[in-house]
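To start, the structure itself, in structure tokens.
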Amino acid sequence: MQGPLPTASSRIFYSEKAVEVDIPYLGGHAEDIPNDESWAHVLMAAHLGLADLEENTLENLATTEGMVDKYQKWVDRLGEQEAQEMFDDMDQDVHGRETLVAETEHITPPDTEGDVDEGTRALAYANVAHQLFTFHRSTNGYEGDIEDLKDTRHPRPNSLNDYLQDPDFRERHPQSGRYRPQLTESHIRQAWIVDQFPLLNILYGYTRADSQSNNVDLRSFPHPRERATTPIFADRTPSEAIIFEIDRTAIINWLEANGVITDDQRPDTSDEIALKEWFLNNIATTQLDNPFTPIEHDITRWVYRLLHSLSHCLLARAGEQCGLATSSLSERIFPAIPAIAIYAASTENFALGSMFTLFKTRLHPWVSDARDLADQCLIDATCREDPSGAACDACLHIEETSCEAINHHLDRRIVRSKSDIVGFWDEEVNNGIPDDLSQL
């Protein structure tokens with residue numbers, strides 16, 4: 001520095017922050033939810049459609065032991081119909097947490113198997129649970145009584161299908177007839193617009209002279225009741241988000257086309273449950289916690305880089321359609337689903353409306369522009385031939401504060417290829433087999 005500088009110039013210190021999707025548990029027994037492996041298995045069962053969410057909520061299922069053994073004894077004595085009527089009259093749940101855990105215990109992510117320490121195993125299931133709970137509640141909403149929501153910070157989703165099935169919406173927005181073909185061509189299975197997307201912004205410290213967070217000076221304050229904890233500054237802010245669920249079969253075909261998996265490793269793509277189980281069983285979420293370290297697990301690396309690159313193609317072109325600067329948008333990647341969330345990263349406590357406008361009126365040109373961005377860069381062929389990945393400031397790179405991986409794990413070539421890699425948006429994704437995968 002040649003002289004005094006204003007604090008906001010970011011040349012005196014770099015703030016260290018984190019953003020979490022902070023969806024609360026609801027219901028009378030929410031505080032009893034076991035945040036352990038069993039909670040992850042309950043959410044897996046809900047994701048696979050094995051849990052009864054017509055009469056129960058996720059919180060109820062996770063905190064109910066169930067009475068399977070007792071129920072079976074009464075079935076043997078009275079018959080199934082009378083036993084079920086008796087349990088209904090007593091308001092007793094037959095199936096509870098242990099039943100759902102037993103039905104999904106065969107699902108074991110790669111970072112929970114073999115010689116892994118208990119901390120890594122617990123973190124793996126916690127990561128999967130967070131992805132599943134966030135995705136489920138952000139796309140399905142709350143399963144229980146709407147009165148329980150009140151003023152809680154709980155997401156309120158609307159699906160694209162809901163809008164497209166509304167004659168008034170189609171009449172007001174005739175361009176919406178192009179939305180579904182465009183998304184299908186881009187291998188996007190479903191889309192939602194989410195109001196009240198709850199974010200927890202955390203400011204935990206700062207570094208000087210270096211933006212790396214290895215040596216953070218913690219910014220905290222004394223606990224007001226002198227407890228043995230260290231409070232840090234945080235702010236809960238509702239926002240708006242658009243969530244895209246990516247077509248699982250297309251990803252499987254793309255992985256096989258690039259030689260990442262063999263035909264023997266393919267799940268049955270005609271079976272939706274088998275497809276969902278495959279992603280839960282093959283994504284090592286703990287390898288995604290630190291963006292500065294390489295992703296060693298092969299399938300996880302390919303799937304995450306694909307979803308992250310798709311997200312940046314969409315992020316980089318969203319501002320042109322909704323009026324927000326790219327730096328005002330951010331992302332969340334859910335590789336175990338697989339899905340992408342793009343949200344307005346505003347710290348103001350009100351809905352901006354821009355994401356709703358983008359979703360309702362500009363979806364087709366937005367996705368079309370994202371496909372064009374993946375196809376070319378101002379500094380091609382230098383960018384495309386970069387051995388570390390085809391991504392730079394002229395194409396996929398965005399503000400580091402907007403990217404969950406600080407612009408790591410990106411590559412346009414796996415989205416739209418002009419090399420021996422088969423791109424996810426290439427026409428030959430279903431039958432192209434590359435000869436040389438060394439560039440990844």
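Summed over the stretch 122-145, the residues that are more than 14 Å from LEU48 (Cα to Cα) and either surrounded by fewer than 18 Cβ atoms within 10 Å (Cβ to Cβ) or hydrophobic (A, V, I, L, M, F, W, C) (or both) give a count of 7.
Here's the yes/no breakdown for (1) polar (S, T, N, Q); (2) out of contact with any strand residue (DSSP E or B) (no Cβ under 9 Å at 6 or more places or on another chain):
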residue	(1), (2)
THR230	yes, no
ILE251	no, yes
LEU255	no, yes
GLN265	yes, yes
ALA284	no, yes
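Does at least one position in the stretch 153-173 carry a residue that is part of a loop (DSSP other than H, G, I, E, B), surrounded by fewer than 16 Cβ atoms within 10 Å (Cβ to Cβ), of a type outside the set (A, V, I, L, M, F, W, C) and at positive phi?
Looking through the stretch 153-173, none of the residues is part of a loop (DSSP other than H, G, I, E, B), surrounded by fewer than 16 Cβ atoms within 10 Å (Cβ to Cβ), of a type outside the set (A, V, I, L, M, F, W, C) and at positive phi.
Here THR229 does not qualify as within 25 Å of HIS136 (Cβ to Cβ), surrounded by fewer than 20 Cβ atoms within 10 Å (Cβ to Cβ) and of a type in the set (Ser, Thr, Tyr).
Contact list please: Cβ distance under 8 Å, first residue in the stretch 102-130 and assigned to a loop (DSSP other than H, G, I, E, B), second residue among the polar types (S, T, N, Q), pairs at least six apart or on different chains. From the stretch 102-130, the pairs are ILE107/ASN281; THR108/ASN281; PRO109/ASN281; PRO109/ASN282; PRO109/THR285. Note on the stretch 218-257: residues that are modelled with pLDDT under 95 and part of a loop (DSSP other than H, G, I, E, B) amount to 12. All of LEU43, LEU26 fail the test of being assigned to a loop (DSSP other than H, G, I, E, B) and either at pLDDT below 90 or within 24 Å of the chain's Cα centre (by Cα) (or both), apart from LEU26. Considering ASP111, ASP117, the condition of being of a type in the set (D, E, K, R), crowded, with 17+ Cβ neighbours inside 10 Å and assigned by TED's automatic domain parsing to the domain that holds LEU48 is satisfied by ASP111 alone.
If you go through the stretch 256-291 and keep only what is of a type in the set (A, V, I, L, M, F, W, C) and over 20 Å from the mean Cα position of the chain (by Cα), you end up with ALA257, VAL260, ILE261. Going through the stretch 265-300 one residue at a time, which ones are small (Gly, Ala, Ser) and touching a residue at least 40 places away in the same chain (Cβ under 8 Å)? Once the filter is applied, which keeps residues that are small (Gly, Ala, Ser) and touching a residue at least 40 places away in the same chain (Cβ under 8 Å), the stretch 265-300 yields only ALA284. Residues of the stretch 131-179 that are of a type in the set (Gly, Ala, Ser) and either without any contact (Cβ under 8 Å) to a residue 40 or more places away in the chain or assigned by TED's automatic domain parsing to the domain that holds VAL42 (or both): SER138, GLY141, GLY144, SER159, GLY177.
Applying the set (1) under 19 Å from TRP302 (Cβ atoms); (2) under 24 Å from the mean Cα position of the chain (by Cα); (3) at pLDDT below 90 to ASP386 leaves exactly one unmet item: (2). Close Cβ contacts (under 7 Å, 6 or more residues apart or on different chains) running from residues in the stretch 245-264 that are assigned by TED's automatic domain parsing to the domain that holds PHE279 to residues that are among the hydroxyl-bearing types (Ser, Thr, Tyr) comprise THR249/THR269; ILE252/THR269.
Does ASP36 count as surrounded by fewer than 18 Cβ atoms within 10 Å (Cβ to Cβ), within 16 Å of ALA124 (Cβ to Cβ) and in the same structural domain as ILE107 (by TED's automatic domain parsing)?
yes
Exactly one residue out of SER176, SER211 is under 24 Å from ASN407 (Cα atoms) and either outside any strand (DSSP E or B) or modelled with pLDDT under 90 (or both): that is SER211. Which of the residues spanning the stretch 374-385 are surrounded by 17 or more Cβ atoms within 10 Å (Cβ to Cβ) and assigned to a loop (DSSP other than H, G, I, E, B)? The answer is CYS377, CYS383, ARG384. When ASN215, ASN201 are checked against the criterion of being touching a strand residue (DSSP E or B) at 6+ places or on another chain (Cβ under 9 Å), surrounded by fewer than 19 Cβ atoms within 10 Å (Cβ to Cβ), polar (S, T, N, Q) and in contact (Cβ under 8 Å) with a residue 60 or more places away in the chain, a single residue qualifies: ASN201.
May I ask you to say which residue of SER239, SER186 is in contact with a Leu (Cβ under 6 Å, 6 or more places away or on another chain), in the same structural domain as ASP369 (by TED's automatic domain parsing) and within 21 Å of SER159 (Cβ to Cβ)? Sole residue among the options that is in contact with a Leu (Cβ under 6 Å, 6 or more places away or on another chain), in the same structural domain as ASP369 (by TED's automatic domain parsing) and within 21 Å of SER159 (Cβ to Cβ): SER239.
The values are calculated or read from the model by the stated rules, or taken from the named source; none is laboratory data. Nothing here was measured: the structure is a model prediction, and the numbers come from that model. Every residue, glycine as well, gets a Cβ built from its backbone with ideal geometry; the counts of neighbours run over all protein chains shown.
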